[in-house]
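Peer 1: There's a structure below that I have some questions on.
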Amino acid sequence: MNRIKVRNRREIIFIAISSLLFIAANTYYVYKESWLLSVIPFVFLIGLWLLFSPQKLFFTLVFLAPLSIALRRIVPGLDFDFWFPTEPILVLLLGLLIIRSLQERFFAKELLTHPVFISILFFLGWLIIAIIPSELPVVSIKYFLVRFWFIGIFFYLSYILFMRNKKNIKKYLWAYITGMFIVAVFSLIKHASRGLLNHYAAHQACAPFFIDHTSYGAALAFVIPVTVALAFSSQSRAVKFISWFLSFFFLVALVFSYSRAAWVSLVFGAVIWLFILLKIKFRTILIAVSMVIGLYFLLSQEILWRLQRNTTDSSGDFAEHIQSIINVKTDASNLERLNRWDAAMSMFEERPVFGWGPGTYQFLYAPFQKSYNKTVISTNFGTLGNAHSEYLGLMSEAGFLAMLGYVFILLFALYRGIVLIGKVTDKECKNFLVACIIGLLTYVFHGFLNNFLDADKIAALFWGYIAVIVALDVRYSGKIVVGTAGEAHRFRLRELKAQH
């Protein structure tokens, strides 16, 4: 007994001394502005979760998505970069998912006949093909892998969890909202210190969590429909009050993000919500949108002439900031966006089938800039980012078929979701379904003006919302077969068990 006490005492002393030495060393490195040792406790904790509680690790991942930081901000001078700690967790979870799927011989077979999943396979398949003639194969391979683990975890693993227990949908949404709330509070406090009406201060107020205010605004527009849905769905007065508070708070944060694209995208989502509320058919909505696009191309010259008469630049005055949305004569941000679009179209025209390689636009667009399109913020080296359009970016990087695959994913997800609204009998699930459709629609519009799907913060919501729509579609359209329920009990990722 005495020997055991002595050994326990020695172990406690060893742990205490080791902890103190680690804290001292870490304090020194933090003082030297190096955060490398600070990473070790997170790595240790993630390892424990992966081994003993992968489901909790998954929801922690969703919570951390808006809070993740680019690794170069933690360890300056690196030749590579990724979002920390989310991307390492994504890779670990994907590896575990693949290993366990092979061990249990499990796959959600019902997805093989679902048009959304077929579109995803087509999209990923074409990206693989487009890697072969890529100008920068290493960049393209990395681009594909990032898309693969985003889809593998945020869509496929989410779908499995949502199918096994619909309560996991609410957990997923609350996890992201909680993380986003922390970011929004931090950003508003940081912004307020320099003046909330200072629209230039808004550009970096969300750093280091978001690259700039545009992606931050896109995330806020994404979550507002969900917080409103939670307010309508909750039976608890406390949760209802919290949900309404979050809806108002995120709306205020969106206003002070000064992201014009995010403002317009939320208005677009609200208009489509009215169409859904009035029970206008998806076909009618699609025809109306197609007619608007057609009229734009027919009257493009006259529209451009009228837009060029607007000389209101972006500013801290909200009225002027809104007017500047359609200023394509003097507003540098709008003009630079047109420059990027024109460069993307020039790249596409030269290589319309395979493109220049997935993920390569930002490295190759410089020579395609026309002198008369350049602005005060343009660069001859093409080092200032992407194409500012999901659609044009894909066309220039991987050809027309890549863009078509992406559009098919959106069209089928939205179509199946809107048709499903009348079939869902559970009020909470219906509200979540509508919220995910509206949230997804905000990014459908936003995708014309920016592209952020290479960031975990946007990908978590984009693919997560699609997973919600597909899971509810399979659940309520009578397509749950033996392959889903009968095989599910054999597929276990520790805590990823059926909880019916």
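The values are calculated or read from the model by the stated rules, or taken from the named source; none is laboratory data. Worth saying up front: this structure is predicted, and the values here are computed from it rather than measured. With ideal geometry, Cβ positions are generated from the backbone for all residues, glycine too; neighbour counts draw on all protein chains shown.
Peer 1: Return yes or no: is Gly417 surrounded by 24 or more Cβ atoms within 10 Å (Cβ to Cβ), at pLDDT 85 or above, assigned to a helix (DSSP H, G or I) and not hydrophobic (A, V, I, L, M, F, W, C)?
Peer 2: yes
For every residue, the table says whether it meets (1) surrounded by 14 or more Cβ atoms within 10 Å (Cβ to Cβ); (2) free of Cβ contacts under 8 Å to residues at least 24 places away in the same chain; (3) under 30 Å from Pro85 (Cβ atoms).
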residue	(1), (2), (3)
Ile211	yes, no, yes
Ala218	yes, no, yes
Ala231	yes, yes, no
Leu246	yes, no, yes
Ala288	no, yes, no
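Peer 1: Can you tell which of Asp426, Asp473 is out of contact with any helix residue (DSSP H, G or I) (no Cβ under 8 Å at 6 or more places or on another chain) and acidic (Asp, Glu)?
Peer 2: Checking each option against the conditions leaves just Asp426.
Peer 1: Residue by residue through the range 85-105, note down the ones that are under 15 Å from Leu64 (Cα atoms) and out of contact with any helix residue (DSSP H, G or I) (no Cβ under 7 Å at 6 or more places or on another chain).
Peer 2: Pro88
Peer 1: Please specify each residue of the range 256-269 satisfying the condition of being under 20 Å from the mean Cα position of the chain (by Cα) and surrounded by 15 or more Cβ atoms within 10 Å (Cβ to Cβ).
Peer 2: Those that are under 20 Å from the mean Cα position of the chain (by Cα) and surrounded by 15 or more Cβ atoms within 10 Å (Cβ to Cβ): Ser257, Tyr258, Ser259, Arg260, Ala261, Ala262, Trp263, Val264, Ser265, Leu266, Phe268, Gly269.
Peer 1: If you don't mind, there's one more thing I want to ask. Let me spell it out: the conditions are (1) farther than 29 Å from Tyr200 by Cα; (2) in contact with a helix residue (DSSP H, G or I) (Cβ under 9 Å, 6 or more places away or on another chain), and Phe268 meets all of them except one. Which number is the exception?
Peer 2: (1)
Peer 1: Using the structure shown, decide if Leu57 is surrounded by 19 or more Cβ atoms within 10 Å (Cβ to Cβ), assigned to a helix (DSSP H, G or I), hydrophobic (A, V, I, L, M, F, W, C) and modelled with pLDDT under 90.
Peer 2: The answer is yes for Leu57.
Peer 1: Sort out for me the helices (runs of 4 or more DSSP H) sitting completely within the range 256-317 that have 3 or more residues that are modelled with pLDDT of 65 or more and assigned by TED's automatic domain parsing to the domain that holds Ala205.
Peer 2: 260-277, 282-298
Peer 1: Can you tell me which residue in the range 184-209 is surrounded by the fewest Cβ atoms within 10 Å (Cβ to Cβ), limited to those that are in contact with a Lys or Arg (Cβ under 8 Å, 6 or more places away or on another chain) and part of a helix (DSSP H, G or I)?
Peer 2: Among residues in the range 184-209 that are in contact with a Lys or Arg (Cβ under 8 Å, 6 or more places away or on another chain) and part of a helix (DSSP H, G or I), the one surrounded by the fewest Cβ atoms within 10 Å (Cβ to Cβ) is Ala201.
Peer 1: Find all pairs meeting these conditions: Cβ atoms under 9 angstrom apart; at least six residues apart or on different chains; first residue within the range 96-119 and at pLDDT 90 or above; second residue assigned to a loop (DSSP other than H, G, I, E, B) and buried (at least 18 other Cβ atoms within 10 Å of the Cβ).
Peer 2: Phe117/Ala108
Peer 1: Now for a separate question. Mind checking whether some residue in the range 369-377 is modelled with pLDDT of 85 or more and of a type in the set (A, V, I, L, M)?
Peer 2: There is no residue in the range 369-377 that is modelled with pLDDT of 85 or more and of a type in the set (A, V, I, L, M).
Peer 1: Follow-up. Quick check: is even one residue across the range 425-447 in a loop (DSSP other than H, G, I, E, B) and either among the small types (Gly, Ala, Ser) or modelled with pLDDT of 90 or more (or both)?
Peer 2: yes
Peer 1: Hey, another quick one. Quick check on the range 125-146. Is at least one of its residues in contact with a Phe, Trp or Tyr (Cβ under 8 Å, 6 or more places away or on another chain), closer than 24 Å to Val474 by Cβ, modelled with pLDDT of 95 or more and part of a helix (DSSP H, G or I)?
Peer 2: no
Peer 1: Quick one: would you say Ile151 is β-branched (Val, Ile, Thr) and under 18 Å from Tyr465 (Cβ atoms)?
Peer 2: So Ile151 passes the test.
Peer 1: Filter the range 222-238 for residues that are touching a helix residue (DSSP H, G or I) at 6+ places or on another chain (Cβ under 7 Å), assigned to a helix (DSSP H, G or I) and not aromatic (Phe, Trp, Tyr) and give the result.
Peer 2: Those that are touching a helix residue (DSSP H, G or I) at 6+ places or on another chain (Cβ under 7 Å), assigned to a helix (DSSP H, G or I) and not aromatic (Phe, Trp, Tyr): Val223, Ile224, Pro225, Val226, Thr227, Val228, Ala229, Leu230, Ala231, Ser233.
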